[in-house]
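Below: the structure, in structure tokens.
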Amino acid sequence: MTVDSQAVLEVLKPVQDPELQKSLVELNMIRNVQVEEGNVSFTLVLTTPACPLREFIVEDCEKAVKTLPGVQQVNVEVTAETPQQKSLPDRQGIEGVKNIVAISSGKGGVGKSTVAVNIAVSLAKAGAKVGMLDADIYGPNTPTMLGLADSKVLVQEGSNGQVLEPAFNHGVKLVSMGFLIDPDQPVIWRGPMLNGIIRQFLYQVQWDDLDYLIVDMPPGTGDAQLTMAQAVPMAGAVIVTTPQNVSLQDARRGLKMFQQLNVPVLGIVENMSYFIPPDLPDRHYDIFGSGGGQKTSDELGLPLLGCVPLEIPLREGGDQGTPIVVSHPESASAKALKAIAQQVAARVSVAALAS
């Protein structure tokens, strides 16, 4: 049997993408196959740089190719092309932005912004092009959490009027109401004005090319959620809750709202699952109860994307502008948040390719 590029593709046909459950070859994820004196090389094109199963897929590919006679070495170059979310006839997409993901919660104080920031930074650290839109117009905290509290967005004149140039840190572009007002200035606006600024943040910002635009939503089920759901095609929403019943009740309302607005719910994140004291890292204290996220997930038939413990560096990172996935990447909460980001990216890819 002569080993050539076609033979390599044949043995790789049974290898599937675990999330999409389709052949890598059929999905055109195997490219640039080269065979030279027992050495086989090719490019594996994943659907997201943050693929949680990257190592397993590479290992499966290497095993399959090594079954060919005479193959001594297999070199796999891994890249990624994030698929574009499908467009909707009644919703205007953002040029260059492939996927818009809302991070939401039914009530305030559950750590939604912390989760959103760390998801965004995790995706950026994995190699994705990421932007963040702080849609919490009345309480814009994201600039502080991303270390951009003293930044200002630049206003430029574009072909269609004024365009905002987002601030940038930790690999993430950010636009927020916090850049446009004084730190202590309250935003006392009715719904139509809020609707207008969110649309400006969507369509009049120089986002350029983004794999993911992470939207930090305000808590509840109000004007901002309605504006986002009706304005742009969204890849999905992530619901953040704590284990306690009060939070879970509000989380279910927020979840149902997205479903009624035909926005896919990617899953639930249980934040503050338990407290890890710094002097006793092996101890876990269920301050807000336990198992609530899993119970809600089971009842509603939605995936529990992960549980994030409460650690002091997690709070410090938000206050100091250095997200915990950057400041303490080996901590329990950072590992949980990175895994959640990978789950979000994988589910967005599945939805995009299935559409």
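Only the coordinates and a few stated rules stand behind these numbers; no lab work does. As the structure is a computational prediction, the values presented were derived from the model and not from experiment. Here the Cβ is made from the backbone with ideal geometry for all residues, glycine too, and neighbour counts use every protein chain on show.
What to note about this one:
- Look at the dipole of the chain built from charges on Cβ: of S87, G171, C307, the Cα furthest out on the positive end belongs to S87.
- Contour excess over end-to-end distance, with Cα ends at R199 and Q320 and 0.36 nm allotted per residue: 40.6 nm
- Over the chain: helical MRE at 222 nm, DSSP H runs n ≥ 4 each giving -39500 (n - 2.57), nearest 500: -10500 deg cm²/dmol
- Working ranking of peptides 88-101, 213-226 by packing, defined as the average number of other Cβ atoms within 10 Å per residue, highest first, is 213-226, 88-101.
- As computed over the range 245-290, the Cα convex hull volume per residue (Å³): 77 Å³
- Charge dipole magnitude, Cβ of K and R +1, D and E -1 - the chain, Cα centre, debye nearest 20: 840 debye
- Comparing N32, N169, N118 in a Gaussian network model of the chain (Cα springs below 10 Å), the most mobile by mean-square fluctuation is N32.
- Secondary structure note: in the chain, about 30% of the DSSP beta bridges are antiparallel.
- Taking θ as phi - 60° and the Karplus parameters 6.51, -1.76 and 1.60, the scalar couplings of the range 37-47 work out to 6, x, 9, 10, 9, 7, 9, 9, 9, 7, 8 Hz in sequence order, x denoting glycine and proline.
- Percent breakdown of C-alpha pair distances by 5 Å bin, ordered from the shortest bin, for the range 140-290: 2, 8, 14, 16, 18, 17, 13, 7, 4, 2, 1, 0
- A simple rule links phi to the HN-Hα coupling: the Karplus curve 6.51 cos²θ - 1.76 cosθ + 1.60 with θ = phi - 60°, which for the range 83-96 gives x, 7, 5, 5, 8, 10, x, 9, 9, 8, x, 9, 4, x Hz, with x for Gly and Pro.
- For the range 299-321 and the range 169-194, distance of Cα centres in Å: 23 Å
- Qualifying lysines (Cα of each under 20 Å from Cα of K338; at least 8 residues distant if same chain): K112, K125, K129, K173
- Calculated log₁₀ intensity ratio I(q)/I(0) where the Debye formula runs over C-alpha points of the range 5-80, q = 0.11, 0.18 Å⁻¹: -0.23, -0.63
- With distances taken between every two different alpha-carbon atoms, the range 175-243 has a Kirkwood hydrodynamic radius of 13.8 Å.
- Computed P(r) (all Cα pairs; the chain; 10 Å bins; percent): 5, 24, 30, 22, 12, 5, 1, 0
- Ellipsoid semi-axes in whole angstrom, largest first, where each is sqrt(5λ) of the Cα gyration tensor of the range 52-173: 38, 19, 16
- For the range 215-287, the C-alpha radius of gyration sits at 1.36 times the compact-globule guess of 2.2 N^0.38 Å, with N the residue count.
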